[in-house]
Amino acid sequence: MANTKTDEKLQKIAKDLLESGEVNLIIGYTKGSNPQRMRPVFITKPEEAEKLSFSHNAVQDLAVFLKKQEVKKFGKIGITVKGCDEKAVNALIQEYQLSRDNIKIIGMQCNGVIKQNLADKGETKVSETTVYDKCLICQEHTPVLYDFLVETEEPELSLSGNVKPYAEIEKLDALSTEEKNAYWAKEFDKCIKCYACRQACPLCFCSRCIVEKNMPQWIDTNSEEPGNAQWNLIRAYHLSGRCIGCGECERACPVNIPLMLINEKMARDVYNLFGYKSGLDINAKPVFGVFSESDFNDFIK
Amino acid sequence: MSRIGVFVCWCGSNIASTVDVEKVREEAAKIPGVVSAVDYKYMCSDPGQNSLRNVIKEKNLTGVVLAACSPHMHENTFRKAAVKEGLNPYFVEIANIREQVSWVHEDKERATAKAVDLMKMMVEKVKRDKPIEDVRVPLNKKALVIGGGISGIQAALDIANGGVEVILVEKEPSIGGRMIQLDETFPTLDCSSCIMTPKMVEVNQHPNIKLYTYSEIEDVSGYIGNFKVKIKKKARSVVEKDCTGCGECWNACPMHKNVKSEFNINLSERTAIYVPFPQAVPLVPVLDRSVCLHFKKGGKCQKCFDACGPKCIDFSMQDEIIEETVGAIVAATGYDLMETSMYGEYGYGKYKDVVSGLQFERLLSASGPTEGVIKRPSDGKTPQTIVFVQCVGSRDPEKGVPYCSKVCCMYTAKHAKLFAHKVHGSQSYVFYIDIRATSKGYEEFVRGTMEQDGAVYLRGRVSKIYEDNGKLIVKGADTLSGNQVEIAADMVVLATGVIPKKGSDKLAQMLGISYDKYGFLTESHPKLRPAESSTAGIFLAGMAQGPRDIPESVVSGSAAASKILGLFSKSEYEVEGTISSVNEATCVACFYCQRVCAYNAISRKEIKDRNGNVVKVVANVNPGLCTGCGACVNACFSKSIDVKGFMDDQIYAEIKSLAV
Amino acid sequence: MEDMKVEKNEQKDGTAAANTGSQSDPRLIAFVCNWCTYNGADLAGTSRMKYSDNVRVIKLPCTGRIDPLFIVEAFKKGAKGVLVSGCHPGDCHYTSGNYHSRRKYATFRDLLGYLGVDLNRVEFSWISASEGNKWVAVINEFTDKIKSLPDKTTDIFTKK
């Protein structure tokens, strides 16, 4: 069932990296106790490299661990990343959270990961109806940056065009202000302020989040309105132009707030406004670190 | 616990007629933390200020709110009064109830309610004010001038004459810049080198000026008062202190016919070891290693070395990095001429006798390749008919640049005039769009060229130039008569537009100053701070800022110098204390603050443990550079940077005080 | 309902005509930069122009300092409309504060709209120190616009 060739190649790369001392830690996936799930694994010894594995169940964005002090202390790190996750690595480098010299990127070619709820029900086939929406719009089946590339043995994802990724966005856009308001009020009403969305996000790397700042209290911390809306808005605002669309926030949300509908909408808007997509080039300046004199001005009187 | 005093000003009837000032006072007295609330007819008057001071003293106030006129009117007045009673000046806040209430609203009750709101807002703000101390930055009283053209020279001389040490850095082997390439200058026709060379010599001999020619700025760090500058002194291959400038070396050089002279803009040749022009300062040659046979042919040729009496040729000389610390910098990097390759129809580069304005200057110059006799490059014959084309590149958004290069109208008139003077019976034609001759004596000068010297001015563009039977046929339009004209000329001079010196954008990036889309350095304020860059301590002069003529360049050099002398006249540089500060405990060093800072005020700071290991990197605000604009605060996700005087919790308190 | 609110205010402050912050008498908060718009507003004053008294101005050094999150806070505190105003592009006293903020406002505005905030309630303008008349026009038009909006508040930042 496992793509043994893929795994072998991955394990060999990891083993070599650890043996040569080029990295002190490899972050990767290993098979979970449940065959339909993969879980993260941290490898520090070459002989443990055989634990590494990769498949269409490798859902989690492992780049999230790069922000952790426990991981940073290893210094030189190797990481197993899909194309989407790799963009987070790039964004972290762009935002000085990571040095390119300290990271070895093991890029995993990926033709989509199966939605976890389907996988749990036994789905094993990658298809446009079984993968996440992000996979359907993915332009980076091969990561844009890598030190090593492990090719996939999965067949290419075939898109019929019948499945519209993030179709809700267009629907929401077409709603009236009141209807939008009602939609999001209902969604945010569910929020329990657990901040799992933040914890799961590879780019939410602040050591003290704005929500934890008082003097002033930027966000009401009780889990009801208006603080819920405020939190969700500020989270989305802070990720605008930065989010690489891995979808981990939405996957982590215990109350199923469709956060990717916001993230993806903002990614589209930022691209339309400024022609910028996050995480594609480690040498690019982040979109909110620069400006153009000819930036969009129509909304200003 | 706050002890706030609120002072409500009537401003005679200016406020009191529309705002119930007593009501405002009563409302103020109800606010927790307000220990005194008074209203007075004229707070800004002497008795008014005295009552303010008395209350501060008697009630031992920790903060003051004046509900009065705009802070832009009297904030300073009241701050000064407060300081006299030992209160920090930033503990004084103004609620603007005149310009933004009583003068703009009519309903007294509603205006009063608004005035109360604004007063409350400021009480909440002043409660959260933190003492702010103005920042003092020590000054290294030494200046760096980058660029040894006329504006850089003027700046250097003025600063040096003010008793301050100056380091003048010039990229070329000699100072003099573009001006020393010119023949005579409009509108007075004094000879450029006659007025320029004494200044160049003065620079060289000035005890306060240290001159580095053939040198470039390698790196600049630091801030006002304390810039660390690395200067790369390129290997000249000639020991400067021993060289007498006798010329034996370049006379001995076998490369005398092969290298085009940059100074004469390819109209003559130079040797591999050379001085760019005879009056060069310093009069010390440079060995151009890219063409020297010694370097190209493995050390065989050393004719210059053999010829040199004092033996100052040093083939093994290396580039040298010199480090200097200066308190202020002048960027006077000058200009280049635009490329004209986009005007293929003009044939520049194709026809030898189509030359640029600057080349024509060299042909006019007594020290030029033709010793001042106008000879056309193709066959050395003296032309009888010259066509001058203005606005080549300038005012042409399609192919060139939209701006006006400003000097071309005048130098073209000068060229035509000098041509008439030097070649009797000759005829010149000038194609122009408009004549811009706006300074003292300029219009008269242009009229003289037309009327006394007989230049024919044709309003219109040239469409094509081609060679025919030894003549250059110039086809163009005379839009005033509506006719197409065709002139058979012996020579064509293109009044090429000016652009910023190549590489000045890189230098600007190094200095942390801004430049416009063309690459011209931008002023801190186009009208009110024309000599200052956006970065404190860095000043601008000359054509690096945009097209200008010699008098303007001189003025701008002097302006930069006077700014520096003014800066250095104090023992320390004082900056308002309303600047940003970083919470190092929560900063994660994403450096968005640095990206949005227009003043280069944010740098990386490494926090080290006892053993010197870096444990954390954080953003650091340089108080000498920060202007307190607060863009960094907006850029910070974790709110780990805040700007004094406009802190986040103050703004929040203001918003909260307006809650309905 | 609105009448009751007015009465309440009357009891609280004793100022019958105070700006109640209701939909018919909305509270507007304007965040303005110190150098251009604040001076423009002052100019309206020195020129004795008259405009709607519903607006309350909060002065900041630069539009670069005006955090989009202030807008949210203002809504939370009952503002019915928020204006952000500063120097025209190219005129920023601090060179580029307004350019940097413009990017953020453009994005933030999209986000607000997407989440169902009535964008009629958020206004951005460039008002120079010489544009007292523009300040007056912007404030009056904005106030009128807010008053004309449906009574039902549409922002998600008010307590239900």
Neighbouring partner chain Cβ atoms per residue of C:127-140, average, 10 Å criterion: 1
Roughly how many nanometres apart are two label points built 7 Å out from the Cα toward the Cβ at B:Lys608 and B:Glu85? 4.9
Report, as an integer, the average count of C-beta atoms from other chains found within 10 Å of each Cβ along C:115-123. 5
Restricting attention to region A:231-301, which GluC sites (Glu not before Pro) occupy a DSSP loop and are surrounded by at most 15 other Cβ atoms within 10 Å? A:Glu293
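What accessible area per residue, rounded to a whole number of Å², is obtained for region B:336-499 using a probe radius of 1.4 Å? Spell out each step's value before the answer.
Values: 6880 Å² over 164 residues.
With the other protein chains kept in place, region B:336-499 gives 42 Å² per residue.
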In whole Hz and in residue order, list the ³J(HN,Hα) couplings for region C:91-102 that follow from phi through the Karplus curve 6.51 cos²θ - 1.76 cosθ + 1.60, θ = phi - 60°; x for Gly and Pro. 9, 4, 4, 9, 6, 9, x, 6, 5, 4, 5, 4
What lysines could a cross-link reach from B:Lys233, if we take a straight Cα to Cα line under 17 Å and drop same-chain neighbours fewer than 8 places away? B:Lys171, B:Lys210, B:Lys241
Which of the residues in region B:584-613 show a loss of at least 50 Å² in accessible area from their chain by itself to the complete set of protein chains, at a probe of 1.4 Å? B:Val588, B:Tyr592, B:Arg595, B:Val596
Would you grab the residues whose amide H sits under 5 Å from the one on A:Thr30? Only those 5+ places off in sequence or on another chain, please, with H modelled 1.01 Å from N. A:Arg39, A:Val41, A:Ser53
For B:Ser192, B:Ser481, write out the residues from largest to smallest accessible area, computed with a 1.4 angstrom probe and no ligands counted. B:Ser481, B:Ser192
On a straight-distance basis, which aspartates and glutamates could pair with B:Lys527 in a cross-link, Cα separation under 17 angstrom, same-chain partners fewer than 8 positions away excluded? B:Asp516, B:Glu552, C:Asp91
Here chain B gives, from Cα atoms, an Rg and Dmax in Å of 32.4, 99
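Sum -39500 (n - 2.57) across every DSSP H segment of at least 4 residues in the protein assembly as shown, then divide by the residue count to get the 222 nm mean residue ellipticity, nearest 500. Each step should come with its number before you reach the end.
Working: 33 runs with 343 residues, N = 1121.
So the helix-based figure for the protein assembly as shown works out to -9000 deg cm²/dmol.
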Among B:281-288, A:116-123, C:48-55, what's the highest-first ranking by average C-beta atoms within 10 angstrom per residue? B:281-288, C:48-55, A:116-123
Using a probe of 1.4 angstrom, how much of the accessible area of the protein assembly as shown is carbon and sulfur, in percent? 49
Could you derive backbone 3J(HN,Hα) for region A:27-33 from the dihedral phi with the Karplus parameters 6.51, -1.76 and 1.60 (θ = phi - 60°), listing whole Hz in sequence and x where the residue is Gly or Pro? 9, x, 9, 9, 5, x, 5
Region B:598-627: trypsin sites (Lys or Arg not before Pro) falling in loop per DSSP and having at most 12 other Cβ within 10 Å: B:Arg610
Estimated distance in nm for a label pair at A:Lys72 and B:Arg529, the labels positioned 7 Å out from Cα along Cα-to-Cβ: 3.5
Quick one: which residues, 5 or more positions from B:Thr385 or on another chain, have an amide H under 5 Å from its amide H? H modelled 1.01 Å from N in the peptide plane, none for Pro or chain starts. B:Gln427, B:Asp490, B:Met491
Sorting check: for C:91-103, B:52-64, which peptide has the highest mean count of neighbouring beta carbons within 10 Å, and how do the rest follow? C:91-103, B:52-64
How much area per residue is accessible in region A:138-188 when the probe is 1.4 Å and only protein heavy atoms are counted (Å²)? 60
Using the structure shown, list the pairs from B:Lys381/B:Lys414; B:Lys234/B:Lys563; B:Lys108/C:Lys134 with a Cα-Cα distance above 29 Å, or answer none. B:Lys234/B:Lys563
Among B:Tyr214, A:Ala182, B:Gly460, flag the residue with its Cα farthest along the positive direction of the charge dipole of the protein assembly as shown, charges on Cβ as +1 for Lys/Arg and -1 for Asp/Glu. B:Tyr214
Just report the Cα centroid separation between region B:151-229 and region B:398-459, whole Å. 30
Note on region B:61-187: alpha-carbon gyration tensor, axes a ≥ b ≥ c; rule is a/c under 1.5 for rounded, else prolate if a/b larger than b/c, else oblate; result prolate
For residues of A:200-208, the mean tally of beta carbons on other chains within 10 Å: 4
Nearest 100 Å², what total accessible surface is buried between chain B and chain C (probe 1.4 Å)? 4300
Students often forget the sequence filter, so: which aspartates and glutamates lie under 13 Å Cα-Cα from B:Lys399 once same-chain residues fewer than 8 apart are removed? B:Glu339, B:Glu345
Considering only protein heavy atoms, what per residue accessible area in square angstrom results for region B:156-214 with a 1.4 angstrom probe? 37
Karplus couplings for region B:14-24 from phi (6.51 cos²θ - 1.76 cosθ + 1.60, θ = phi - 60°), rounded to Hz, Gly and Pro as x? 4, 9, 5, 6, 10, 10, 6, 5, 5, 4, 4
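Please compute how much accessible surface disappears when C pairs with A, both sides summed, using a 1.4 Å probe, and round it to the nearest 100 Å².
Summed over both sides, the interface buries about 4000 Å².
Of B:Lys120/C:Lys76; B:Lys644/C:Lys145; A:Lys213/B:Lys84, which pairs sit farther than 25 Å apart, going by alpha carbon to alpha carbon?
Going by Cα-Cα distance, B:Lys644/C:Lys145; A:Lys213/B:Lys84 fall outside the 25 Å limit.
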Peptides C:33-46, A:180-193, A:73-86 ordered by average Cβ neighbours within 10 Å, highest first: C:33-46, A:73-86, A:180-193
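The values are calculated or read from the model by the stated rules, or taken from the named source; none is laboratory data. None of the values given here were measured: they were computed from a predicted structure. Note that each Cβ is placed from the backbone with ideal geometry, even for glycine, and that neighbours are counted across all protein chains shown. Remember, those area values only see protein heavy atoms, side chains included, never the ligands or the DNA or RNA. Shrake-Rupley method; radii C 1.70, N 1.55, O 1.52, S 1.80 Å.
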